[in-house]
Amino acid sequence: MIDLRSDTLTRPTQAMREAMAAAPVGDDVYGEDPTIAELEARVAALLGHEAGLFTPTGSLANLLGVWLLVPPGDELLCDEQAHVVRAEMGAHAQLHGITTRTWSSADGIADAATVAAAIAPDNGPFLVRTAAIAIENTHNFGGGTVHPVELLREIRQVAQAAGLPMHLDGARLWNAHVATGTPLQAYGELFETVSVCLSKGLGAPVGSVLVSSAENTARARVQRKRLGGGWRQAGLLAAAGLYALDHHVERLAEDHAAARVLAEAAALAAPGCVEPELVPTNIVVLRTGQRAASEVVAAAGERGIAVSAVGAHLVRAVTHLDVQAEECRRAGQVLGELLA
């Protein structure tokens, strides 16, 4: 089976496992795990922030990052396909009393004018007030698309003019960094809170990091404990993240190339199902035409290709370090034949 359902399926390499086994650890609830402290400080520095907080999941990192910026009863403004509103089980509303309102975009890429038009100012006790803006980069359901840093600066100006902070869901920010060459700090410094994931393209088994100011991070640490996210000798997991930062960031270019190979093979067999030149990173979203996405997923599975349905007529394939380019070529051929 060539499993392209997600880059979360990656398994730690032998070298990563050895780094985990050798990690010095302590009780993180007491703030005594040196490997976690090293990871948090390193990621914060990479993104141009004061402090970081290691969390079990990207959803928890986003939950805390948004909570820091949006009071209960106010709204978060984001893309209609954003992970925070589509794939986090309504947690922001259920757990923190935060409402969301969304804008529409092409392939998940927002523009400053659209964001500006969507902002709801404080009009007293009549309408919900926009309290923060969230951007996802790369954009998962948009097909791994990248917000250029110049566009993010324009959106930042809109937010500042409205007095609004911003959260970056950077689960795959590493991919944006490698695809564009934009320094991580150039992205991070535009947002009050940033979450990045270690267990997707970087191949660590568990974990994300939320970065912000030291004051915000201290608040988020308390809220993480309230939500049951405090952990003990988790330096074993943090060591995997440190290894990934050293060895798995630049190799993301291989995943991007493999995704392009898959898209080209699919488009060759079924012209119009995808535009290979518009596949910037490691996610390929294929249009299934009149055929139900679930039917295509089932048929692909019978031929040894595992992919996901992300819409009624959309199928997603995600490349990662556990699949090779030739496997992706074969997957693209099979998917193209099914769609032709």
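The values are calculated or read from the model by the stated rules, or taken from the named source; none is laboratory data. Values in this document were obtained by computation on a predicted structure and should not be read as measured data. Virtual Cβ from ideal backbone geometry, glycine too; neighbours counted across all protein chains shown. Just the protein is used for accessible areas: all its heavy atoms, side chains included, with ligands, DNA and RNA removed. Shrake-Rupley method; radii C 1.70, N 1.55, O 1.52, S 1.80 Å.
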### Task
Pull up all non-local amide H partners of Thr100: gap of 5 or more, or a different chain, and H-to-H distance under 5 Å with H placed in the peptide plane.
Leu76
### Query
What is the set of long-range amide H partners of Val310 at a cut-off below 5 Å, with H atoms built 1.01 Å from backbone N?
Val315, Arg316
### Net +/- balance of residues flanking Pro271 in space, Cβ distance below 15 Å, scoring K and R +1, D and E -1
-3
### Query
Viscosity 1.306 mPa s, temperature 10 °C: Stokes-Einstein D of the range 108-164 from its Kirkwood Cα radius, in µm² per second?
129 µm²/s
#### Entry: Under the Debye formula (equal points on every Cα, no solvent term), log10 I(q)/I(0) of the range 245-318 at q = 0.16, 0.18, 0.20, 0.21 Å⁻¹
-0.58, -0.71, -0.84, -0.90
### Message
Rg and Dmax in Å for the range 186-226, alpha carbons only: what are they?
### Response
11.8, 32
### Task
Please list 181-188, 76-83 highest first by mean number of surrounding beta-carbon atoms within 10 Å per residue.
76-83, 181-188
### ³J(HN,Hα), Karplus 6.51/-1.76/1.60, whole Hz, each residue of the range 128-136, x for Gly, Pro
5, 9, 5, 10, 6, 10, 10, 10, 10
### Summary
Applied in sequence order to the range 271-278, the curve 6.51 cos²θ - 1.76 cosθ + 1.60 (Karplus, θ = phi - 60°) yields integer Hz couplings, x standing for Gly and Pro, of x, x, 6, 6, 9, x, 5, 9
### Query
If one computes the Cα centroid of the range 35-64 and of the range 92-137, what distance in Å separates the two points?
24 Å
### Query
For the chain, what is the mean residue ellipticity at 222 nm derived from helices alone (per DSSP H run of n ≥ 4: -39500 (n - 2.57); sum divided by total residues; nearest 500 deg cm²/dmol)?
-12500 deg cm²/dmol
### Task
Return the whole-Å distance between the Cα centroid of the range 153-200 and the Cα centroid of the range 307-326.
25 Å
### Message
Suppose all protein chains stay in the model; what accessible area per residue would a 1.4 Å probe give for the chain, in Å²?
### Response
40 Å²
### Task
Give, as a single signed number, the net charge of other residues whose beta carbon lies under 14 Å from the beta carbon of Glu215, with Lys and Arg counted +1 and Asp and Glu -1.
0
### Query
On the accessible surface of the range 292-332, probed at 1.4 Å, how many percent belong to carbon and sulfur atoms?
50 percent
### Summary
Along the range 290-301, Karplus-curve 3J(HN,Hα) (6.51, -1.76, 1.60; θ = phi - 60°) to the nearest Hz, with x for Gly and Pro, reads 7, 7, 5, 4, 4, 5, 5, 4, 5, 5, 5, x
### Query
Of all the accessible heavy-atom surface of the range 207-257, with the other protein chains kept in place and a 1.4 Å probe, what percent is carbon and sulfur?
52 percent
